[in-house]
1. Based on DSSP loop calls and a cut-off of at most 12 other Cβ atoms within 10 Å, the longest stretch of the chain free of exposed trypsin sites (Lys or Arg not before Pro) is what?
2. Provide, in order from the shortest bin, the percent of all Cα-Cα pairs of the chain in each 10 Å bin, continuing until the bin that contains the maximum pair distance.
3. Please report, in debye to the nearest 20, how large the charge dipole of the range 55-197 is about its Cα centre when each Lys and Arg carries +1 at its beta carbon and each Asp and Glu carries -1 there.
4. Mind pulling the angle between the C-alpha long axis of helix 184-195 and the longest principal axis of the chain? Nearest 10 degrees, somewhere in 0 to 90.
5. Using only the alpha-carbon atoms, how far is helix 83-106 inclined from the longest principal axis of the chain? Give it as 0 to 90 degrees, nearest 10.
6. Ranked from the most accessible area to the least, with a 1.4 Å probe and all protein chains present, what is the order of 6, 122?
7. Rg and Dmax in Å for the range 51-92, alpha carbons only: what are they?
8. With a probe of 1.4 Å, find how much accessible area the range 60-134 has per residue, and write the answer as a whole number in Å².
Amino acid sequence: MMRPLVPAILAMAATVLASNILVQFLLGDWLTWGALTYPFAFLVTDVTNRVQGAVAARKVVIAGFVVGVLCSLTAAALDATTLRIAVASGAAFLLAQLLDIRIFDRLRQRDWWQAPFLSSLVGSVLDTVLFFTIAFAAFLPADANTGWANEAVPLLGVGPLAPLWASLAVADWGVKLALAALALVPFRMIVRKILLSPLRN
């Protein structure tokens, strides 16, 4: 019998909601507080995939996507975001999470850490590239809420000149990479606890 998906859906919804709120608050020059919460979406997806399989994980991702869309519509109504940023956020989340599920499923039989780490690694690359290029890159029309991101600054404050959004993307991906590694500990603990639960059939 398949376990109910409600806990996973609630965890994903909470992660997406928290990230959408915390992205409004800066953390240093290159990050927002949302950068610390968003990567846990990969943890929720990977735990669901390991315990219940890819089909269940996709359902959880779709639920997270719906919550994200609702957050974006609310933020747009409050003039806290633009359609371009909302589209970037939704597309990046959905495609990156679905790629994560596919890679995890292919690596399922390898050592326990490889599927969650490598799928999160590749998924976070796609997420970062899609979000920052769709939201800020100059090849799309700029607006008052995105034009600032194309100002040329030293990469991460020390490197060659690059658009500001490139520094934001590199810093964001660095956090995702670090958290993908750190998330292996709760991944292992949560999966073991669920699989050894007396309710497991």
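The values are calculated or read from the model by the stated rules, or taken from the named source; none is laboratory data. Every value quoted in this text rests on a predicted model; they were computed, and no experiment measured them. FYI the Cβ positions are ideal-geometry reconstructions off the backbone, even for glycines, and counts take in every protein chain you see. For the accessible areas, the whole protein counts, side chains as well, though only heavy atoms, and no ligand, DNA or RNA atoms are used. Shrake-Rupley method; radii C 1.70, N 1.55, O 1.52, S 1.80 Å.
1. Values: sites that count: 110, 200.
In short, 1-109.
2. 9, 35, 33, 16, 5, 1
3. The calculation lands at about 820 debye.
4. Helix 184-195 and the main axis of the chain meet at about 30 degrees.
5. Between helix and principal axis, roughly 30 degrees.
6. The ordering from most to least exposed comes out as 6, 122.
7. Rg and Dmax of the range 51-92, Cα atoms, are 12.6, 40 Å.
8. On the way: 3570 Å² over 75 residues.
For the range 60-134, the per-residue accessible area is 48 Å².
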